Amino acid sequence: MNNDSQRLAEAYRNLVEQVHCGFGLAEADECEIERPSELEVQALWHSGLLGSEGDTLRHGKVHILDFGEWNRSVGPDFLRAEIEIDGARMRGDIEIDPTAQDWERHGHGANPDFNQVILHVVLAPPPAGWYTRNEQHRDIPILPIPQQTLRAATGAGKPLPRDCAGFCRTPLSALPISGIKLLLKAAAAYRAQNKRRIFRRKAEIVGTNQAWYEALAETLGYKINKVPMQLLARRAPLHAIRNQAESILFGTAGFLVPMLPAQADGDARDYHRRVWDGWWARREEFALSEGRALPWRYAPLRPANHPHRRVAALALAAAHWSSIKNRLTAEHAKELSRLLTSLSHPYWNERCSLPSSKLSAKAALIGEERVKDFLVNHVYVQDEATFAWQTYLSMKNRNIPQKVLTTAQHLFGDREDALSLLPMMYAQQALLQINTDFCSTNSCRDCLFPEQLADWTLS
């Protein structure tokens, strides 16, 4: 990380910590964040982002030696894992639940399929005296995941109390535009630093190529299908789909059916048959049970952003990965952009979904705005060269997300010089970070951010 962005990130980090110190760090650590879905938590576990050790409730310290195989069917979430508790090694299954009580709610305690579970991972400490037990009434170690660990893994901010006073715009109205730019650059640098930390931790577990592949999948999903695309990339990993990316990805996604609807034309049927034939040979290896199906959303979406096209784009990227992986730096960003936007497919250039009729005009599978989003959220933040940071600060996006607009209006009101910064992508990233750290759980009058901002300096 270059010195300028590191200095800015530290300054913003100090501001966040000062706000939290205003009501006690211990209290902040105990506050719950909005929990990810169970599938997202499983992906975090599989990535190693929830840590590889921790304190069980009654069985001592546990070290995770092997996170296990992510189950695709019924039964425990992870199979054939290996752990060590107080020096004793054991192999078996791992179940992850939002609460320890979910074990009994879901009937695991009476299900012999769960008799090999050796660790019960939960997101909240159970009630006093709670025991997780299997059908044989064996006590299973419980590992609660601390809230700060979950926050670090997801990038979520700490919730703040609602008994303080302050108004967002008071100190910002007196801050010169140079100071506002500095604040936004600091928040953007801090956000980039967090993204880099999460990416590198994941890369240590799944490998650098797989981490990049998941990052691209996440970007291709847009906001609405970001999670299922990332989960799909994990369920159908890059190393396992070579030469059969379309068949495996469409099949794992749950998009292939034995027969297309009657209205599908001949080209659609021919394409589907080819993809289906490839999937049929690999389905036992990759198919997901109904209870583990990916949570796709179809509305509100432009037709060209249908999940089928997003998966087609990921399959094309996987097929060209040997060219993509050498261009994932700021220095080669223009080459990467040209490569991604030029990816073409004779069927998907003209279709929105597997059974759909042809579009009136060809549509790019990966547009310039998607590439720009990938560069800002992943490529530039992973590259520590000064050139990467300077380029990051110069990028623009005229399509301003609604959350960015709302946060800017809360902070700046109708201050035109500040609002004129919104097309800058670093400003958008900064406002998303400020929203995460301060705005999401508080009304303006209940926020300590302006109070500390009044005395904030870069030093």
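For the range 205-229, the set of residues classified as surrounded by 23 or more Cβ atoms within 10 Å (Cβ to Cβ) and polar (S, T, N, Q) consists of 219, 225, listed by residue number. In the range 262-269, the count of residues that are at pLDDT below 95 and among the acidic types (Asp, Glu) is one or more.
The rows are residues; the columns are (1) under 21 Å from residue 198 (Cβ atoms); (2) not aromatic (Phe, Trp, Tyr).
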site: 364; (1), (2): no, yes
site: 367; (1), (2): no, yes
site: 380; (1), (2): yes, no
site: 383; (1), (2): yes, yes
site: 408; (1), (2): no, yes
site: 411; (1), (2): no, yes
site: 416; (1), (2): no, yes
site: 419; (1), (2): no, yes
site: 436; (1), (2): yes, yes
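All conditions but one from (1) among the aliphatic types (A, V, I, L, M); (2) closer than 29 Å to residue 382 by Cβ; (3) exposed (fewer than 13 other Cβ atoms within 10 Å of the Cβ) apply to residue 313; the one that does not is (3). Which of the following residues is aliphatic (A, V, I, L, M), under 26 Å from residue 340 (Cβ atoms) and surrounded by 17 or more Cβ atoms within 10 Å (Cβ to Cβ): 421, 411, 365? One residue alone meets the criteria, 365. The residues of the range 343-362 that are under 26 Å from the mean Cα position of the chain (by Cα) and either surrounded by fewer than 19 Cβ atoms within 10 Å (Cβ to Cβ) or on the phi > 0 side of the Ramachandran plot (or both) amount to a single one, 353. For residue 151, the criteria (1) at pLDDT 85 or above; (2) not in a loop (DSSP other than H, G, I, E, B) hold in every case but one, which is (1). Within the range 210-252, being among the aliphatic types (A, V, I, L, M) and not in a helix (DSSP H, G or I) holds for 224, 236, 241. Inspect all residues belonging to the range 246-259 and state whether any of them is out of contact with any helix residue (DSSP H, G or I) (no Cβ under 9 Å at 6 or more places or on another chain), aliphatic (A, V, I, L, M) and assigned by TED's automatic domain parsing to the domain that holds residue 310. No, that holds for no residue. Taking the range 280-296 as the range and being within 15 Å of residue 255 (Cβ to Cβ), surrounded by fewer than 17 Cβ atoms within 10 Å (Cβ to Cβ) and free of Cβ contacts under 8 Å to residues at least 60 places away in the same chain as the test, the residues that pass are 280, 283, 290, 293.
Find all pairs meeting these conditions: Cβ atoms under 8 angstrom apart; at least six residues apart or on different chains; first residue within the range 342-358 and over 17 Å from residue 302 (Cβ atoms); second residue not in a loop (DSSP other than H, G, I, E, B) and not aliphatic (A, V, I, L, M). Taking only residues 6 or more apart or on different chains, the pairs are 347/267; 347/271; 354/250; 354/271; 354/272; 354/308; 355/272.
Counting only helices (runs of 4 or more DSSP H) wholly contained in the range 269-385, the ones carrying 3 or more residues that are among the small types (Gly, Ala, Ser) and closer than 19 Å to residue 213 by Cα occupy 307-319, 333-342. Of the strands (runs of 3 or more DSSP E) lying entirely inside the range 46-95, not one contains at least 2 residues that are without any contact (Cβ under 8 Å) to a residue 24 or more places away in the chain and touching a Phe, Trp or Tyr at 6+ places or on another chain (Cβ under 8 Å).
The values are calculated or read from the model by the stated rules, or taken from the named source; none is laboratory data. Note that the coordinates shown come from a computational prediction; the quantities given were computed from them, not determined experimentally. Please note: Cβ atoms are built from the backbone with ideal geometry, for glycine as well, and neighbour counts cover all protein chains shown.
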